[in-house]
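The next block holds one structure in the form of structure tokens; read it before the comments.
The values are calculated or read from the model by the stated rules, or taken from the named source; none is laboratory data. Here the structure is a predicted model, which is why all the values come from computation and not from measurement. Because the Cβ atoms are built from the backbone with ideal geometry, glycine has one as well, and the counts that use them run over all protein chains shown.
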Amino acid sequence: MASSKIYDTIIIGGGPAGASAALHLAYHKRSVLVLDRGTSPMHFHTNSIYNFAGAGTYNEGRSLLRQMQGVAQSAGAKFKAANVVEVSGRYPKFKVTTDWSPRTRDKSEYTARTLIFATGTARKHPLVDGEWKNWLPVANVGNGAYYCPDCEAPLCKGKDVLVVNAGTVGSALHVANTLTRFAKKIRILMTEDAYAPIEDQDLTKLDKSPFEWTKGTIKSISFPRPSRVQSVILTNGDELRTNVFFVAFVAFPRSELAQQIGVEVDPRGNILTDKRGKTNKEGVWAAGDCRPITQQVAMATGTGNYAALMINQFLGNEYEKDQLFDHPDCRGLIHPD
């Protein structure tokens with residue numbers, strides 16, 4: 001089903017970056033549609049968030065996201081649960097196609113003058129009994145498992161931490177070293193079914209580190225009292241008890257949709273932009289974790305707001321057609337139809 005409405009901007013992804021961008025555009029009376037599949041970590045995140053300076057010191061992830069989306073909707077932005085499968089076209093007319101998914105039932109085509117990709121990253125969780133989905137009950141839930149040392153290392157103060165590695169020796173040691181200022185005890189579990197083959201890595205770096213470490217595959221997890229009593233049981237029968245898990249994970253930017261219209265990415269798949277979030281394609285911006293930035297809520301909202309601010313200036317209006325601007329961010333941005 002095709003929509004006849006042409007939006008000023010379609011934002012793909014309704015996380016902190018997308019919601020922040022939607023708020024700014026709607027506040028400036030731009031018609032904006034946010035298409036959100038609802039699968040980002042923030043939709044399920046019940047851990048503590050302390051790096052977002054607003055609405056009190058502590059924020060629960062999913063509650064904070066609902067608040068951000070609600071404010072944007074109250075300003076006039078439209079949010080729709082939708083799984084985007086194809087993007088085509090060029091400025092000033094892009095077509096965005098959606099299809100059914102396990103969490104959405106929208107099957108439509110939407111049109112917009114400009115786009116923002118706020119598609120985030122795909123986190124690779126540790127495998128439990130060979131399946132990553134078996135880790136989800138503890139992922140970002142109840143302060144039982146953390147992922148971001150920049151955001152969450154202080155939450156490990158005085159705790160026994162097990163670093164569960166799903167990537168490389170380097171990522172495991174980076175997480176462990178960051179935790180040394182806070183944790184009471186740090187151990188590392190090198191999972192033998194990690195996404196980076198363990199046999200191809202230099203394990204002597206672990207031997208030279210100050211951290212106790214072991215290797216194995218996880219058969220099951222137990223967390224009767226998250227952040228206090230939890231453990232992993234290995235396939236050899238060993239049980240590693242701890243207060244909290246800290247995942248040294250692998251993440252891949254979700255940039256496949258952007259690449260469909262020729263948006264440039266780096267070797268890891270991060271969407272490349274200028275400092276304002278503008279891509280190499282006219283009328284297309286990117287915001288949040290799909291860019292090569294530190295993955296924090298505060299960082300994502302800032303990039304989302306910046307992209308939206310630039311789009312609002314880019315769209316301009318009929319009175320700005322022949323105007324010259326002194327502000328450097330405005331030069332060369334106005335493209336009236």
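Could you check how many residues of region 76-88 are outside any loop (DSSP other than H, G, I, E, B), buried (at least 16 other Cβ atoms within 10 Å of the Cβ) and either touching a helix residue (DSSP H, G or I) at 6+ places or on another chain (Cβ under 7 Å) or hydroxyl-bearing (Ser, Thr, Tyr) (or both)?
Going through region 76-88 one residue at a time, the tally reaches 3.
Within region 95-113, does at least one residue satisfy the condition of being in contact with a helix residue (DSSP H, G or I) (Cβ under 9 Å, 6 or more places away or on another chain) and modelled with pLDDT of 95 or more?
Yes, region 95-113 contains at least one residue that is in contact with a helix residue (DSSP H, G or I) (Cβ under 9 Å, 6 or more places away or on another chain) and modelled with pLDDT of 95 or more.
Mind checking whether some residue in region 277-288 is assigned to a helix (DSSP H, G or I) and of a type outside the set (Val, Ile, Thr)?
For region 277-288, residues assigned to a helix (DSSP H, G or I) and of a type outside the set (Val, Ile, Thr): present.
For (1) closer than 15 Å to PHE245 by Cβ; (2) buried (at least 20 other Cβ atoms within 10 Å of the Cβ); (3) out of contact with any Leu (no Cβ under 8 Å at 6 or more places or on another chain), each residue gets a yes or a no:
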| position | (1), (2), (3) |
| --- | --- |
| ASP160 | yes, no, yes |
| ALA172 | yes, yes, no |
| ILE188 | yes, yes, no |
| ILE198 | no, no, yes |
| LYS208 | no, no, yes |
| GLU212 | no, no, yes |
| SER220 | yes, no, yes |
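For region 1-18, how many residues are part of a strand (DSSP E or B) and either surrounded by fewer than 18 Cβ atoms within 10 Å (Cβ to Cβ) or at pLDDT below 95 (or both)?
Of the residues in region 1-18, 5 are part of a strand (DSSP E or B) and either surrounded by fewer than 18 Cβ atoms within 10 Å (Cβ to Cβ) or at pLDDT below 95 (or both).
Considering every residue within region 193-212, establish whether at least one is out of contact with any Ser or Thr (no Cβ under 6 Å at 6 or more places or on another chain), in a strand (DSSP E or B) and modelled with pLDDT under 90.
Looking for residues that are out of contact with any Ser or Thr (no Cβ under 6 Å at 6 or more places or on another chain), in a strand (DSSP E or B) and modelled with pLDDT under 90, one finds none in region 193-212, hence no.
With respect to ALA82, determine if the residue is among the small types (Gly, Ala, Ser), at pLDDT 95 or above and at negative phi.
Yes, satisfied.
Contact list please: Cβ distance under 9 Å, first residue in region 282-299 and farther than 19 Å from ASN51 by Cα, second residue surrounded by 21 or more Cβ atoms within 10 Å (Cβ to Cβ) and basic (Lys, Arg), pairs at least six apart or on different chains.
GLY283/ARG113; CYS290/ARG254
Could you check how many residues of region 94-105 are surrounded by 14 or more Cβ atoms within 10 Å (Cβ to Cβ) and touching a residue at least 40 places away in the same chain (Cβ under 8 Å)?
Within region 94-105, residues that are surrounded by 14 or more Cβ atoms within 10 Å (Cβ to Cβ) and touching a residue at least 40 places away in the same chain (Cβ under 8 Å) number 5.
How many residues, within region 278-294, are surrounded by 15 or more Cβ atoms within 10 Å (Cβ to Cβ) and either among the aromatic types (Phe, Trp, Tyr) or under 16 Å from the mean Cα position of the chain (by Cα) (or both)?
Qualifying residue count, region 278-294: 8.
Can you give me the ranges of the strands (runs of 3 or more DSSP E) entirely in region 89-187 with at least 3 residues that are of a type outside the set (Val, Ile, Thr), over 20 Å from the mean Cα position of the chain (by Cα) and more than 23 Å from ALA77 (Cα to Cα)?
Hits in region 89-187: none.
Answer with yes or no whether GLY304 is modelled with pLDDT of 95 or more, touching a Pro at 6+ places or on another chain (Cβ under 9 Å), in the same structural domain as TYR7 (by TED's automatic domain parsing) and of a type outside the set (Ser, Thr, Tyr).
Criteria met by GLY304.
Here is a yes/no grid of residues against (1) at positive phi; (2) at pLDDT 95 or above; (3) assigned by TED's automatic domain parsing to the domain that holds VAL85; (4) not in a helix (DSSP H, G or I):
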| position | (1), (2), (3), (4) |
| --- | --- |
| SER20 | no, yes, yes, no |
| LEU25 | no, yes, yes, no |
| ARG30 | no, yes, yes, yes |
| LEU35 | no, yes, yes, yes |
| THR46 | no, no, yes, yes |
| PHE52 | no, no, yes, yes |
| ARG62 | no, no, yes, no |
| LEU65 | no, no, yes, no |
| SER74 | no, yes, yes, no |
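Give the residues of region 114-131 that are at pLDDT below 95, in contact with a Gly (Cβ under 8 Å, 6 or more places away or on another chain) and small (Gly, Ala, Ser), sorted by residue number.
The answer is GLY120, and nothing else.
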